[in-house]
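One structure is given here, and the rest of the page talks about it.
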Ligand SMILES: NC(=O)c1ccc[n+]([C@@H]2O[C@H](COP(=O)([O-])OP(=O)(O)OC[C@H]3O[C@@H](n4cnc5c(N)ncnc54)[C@H](OP(=O)(O)O)[C@@H]3O)[C@@H](O)[C@H]2O)c1
C-alpha cells in the first residue's frame, strides 16, 4: 500500500480509502443492498491486512448501523491510533424538526451520536455530507470548529457541493479564525468528470485533499453496460447518475483491460489514481476480489495513450449528485 498526505495536512492516508456505505443492516435506512455485520467484517479485516488505514462512513448509512458495524470491527481488528476514521453529518436521522441538516444543534447532537455508535472518543475526519441552504454558513463553520476544539474531530472535510459554496465556507472560516476543511469528498470517476471544471482546480489551488466517491461509478465501470447486479437493481440513487451515452467509456475501459489482461476495475481506478488532484478514491467492496483489485490498481501504470483513450469518449453531464 502507498500512503500520501491528505491535502496540505500532515496526516498520512492510504491511497485507497474503504467506503463503508456497503456495510450496514440491510433492512435499515435507504440501501437494501448492504452487507450485514457477519458478511462485512471479513472485508474490513482484509482491507486492514492490505494496509488500508482510511475508512469512510456516515451517520445516515443504514440508519447508523454502518457506524456500529465499522466501529466494532475496527475495535476488534485494528489499533485506534493506526487508523484514520471518517464519518459525516447532514442526512436525515429522525423525522420532524431538527432531524437533519447542519445547524449547530444538529452538528453537536450528531457528533455525539456518531462517536457513541463508532465506540470511540474522536473521529479523524468529520465531513459535512452536503451543503445546507437553510442554515447560515457561519453557524455551521463555528459549530464544526467547536467540535474540533472539543477534541471530538481531528480535521473537518466537506462533500459534494458547488465550488462557490465550498469557497464561501472556507473564506468564512478563515475570516473568523475557525478550522477550515482539509478535504473534498466528491463524485468523480471516468463517467462523471464535471468536477474537473471548477472544484478540482479549486482544491488544487487551496491544497485540499480530494476523496472521490463512487470511483467505479457504483460498479458500472467494472462490467458490461447491460449487466445488472443485486446492488444495481436496487440502487435508486445510482440509477439516476449515468446516462446511456456513458456506454462508450465503459467500452474503452473494457478494451484496455483486455489488452492489459487485468480486470476492468483496476483500469478505471488506476485512471483516477493518475489524476494529480486525487488523494484517495473511496472504493466500495462487497467481495474479497473487489479489494484485491483496488489494492492492485495502486501499482498499475497507464500510458499517456491509454489515458487519452479512456478519456476521449466522455460526454459532459448535467451536474448531479449534490
Ligand atoms: N459523499 C457522498 O455523497 C457519497 C456518495 C456515495 C458514496 N460515498 C462513499 O463512497 C464509497 C464508495 O461508493 P460506491 O460503493 O458507490 O463505490 P464504487 O467503488 O464506485 O462501487 C462499488 C461497487 O462496484 C462494484 N465493484 C467494486 N469493485 C469491483 C471489482 N473489482 N470488480 C467488479 N465489481 C466491482 C461492486 O458492485 P456490486 O456490489 O454490484 O457487485 C461494488 O459494490 C461509499 O462506501 C461511501 O463511503 C459517498
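The values are calculated or read from the model by the stated rules, or taken from the named source; none is laboratory data. The structure displayed is predicted, hence computed values, not measured ones. Positions of Cβ are backbone-derived with ideal geometry, glycine not excepted, and every protein chain shown enters the neighbour counts.
Candidates are the residues of the range 241-279 that are outside any helix (DSSP H, G or I) and at pLDDT below 95; the one that is nearest to residue 187 (Cα to Cα) is 241. Please state which of the following conditions residue 322 fails to meet, knowing it meets all the rest: (1) farther than 15 Å from residue 190 by Cα; (2) part of a helix (DSSP H, G or I). Here residue 322 meets the rest and fails (2).
Would you please name the residue that is nearest to residue 3 (Cα to Cα), looking only at residues in the range 268-292 that are touching a helix residue (DSSP H, G or I) at 6+ places or on another chain (Cβ under 6 Å) and near the ligand (Cβ under 7 Å from one of its atoms)? Residue satisfying both the conditions and the ranking: 283.
Buried (at least 17 other Cβ atoms within 10 Å of the Cβ), farther than 29 Å from residue 289 by Cα and near the ligand (Cβ under 10 Å from one of its atoms): does that describe residue 265?
no
Scanning the range 193-219 for residues that are more than 10 Å from the ligand (Cβ to nearest atom) and surrounded by fewer than 23 Cβ atoms within 10 Å (Cβ to Cβ) yields 193, 194, 196, 197, 198, 201, 202, 204, 205, 206, 207.
Taking first residues from the range 290-317 that are closer than 18 Å to residue 214 by Cα and part of a helix (DSSP H, G or I) and partners that are away from the ligand (no atom under 16 Å from the Cβ) and at pLDDT 95 or above, the Cβ contacts under 7 Å between residues at least 6 apart in sequence or on separate chains come to 295/1; 310/252. So is residue 87 surrounded by 15 or more Cβ atoms within 10 Å (Cβ to Cβ) and over 21 Å from residue 173 (Cβ atoms) or not? No. Of the residues in the range 23-39, how many are crowded, with 23+ Cβ neighbours inside 10 Å and in contact with a strand residue (DSSP E or B) (Cβ under 7 Å, 6 or more places away or on another chain)? So the count comes out to 2.
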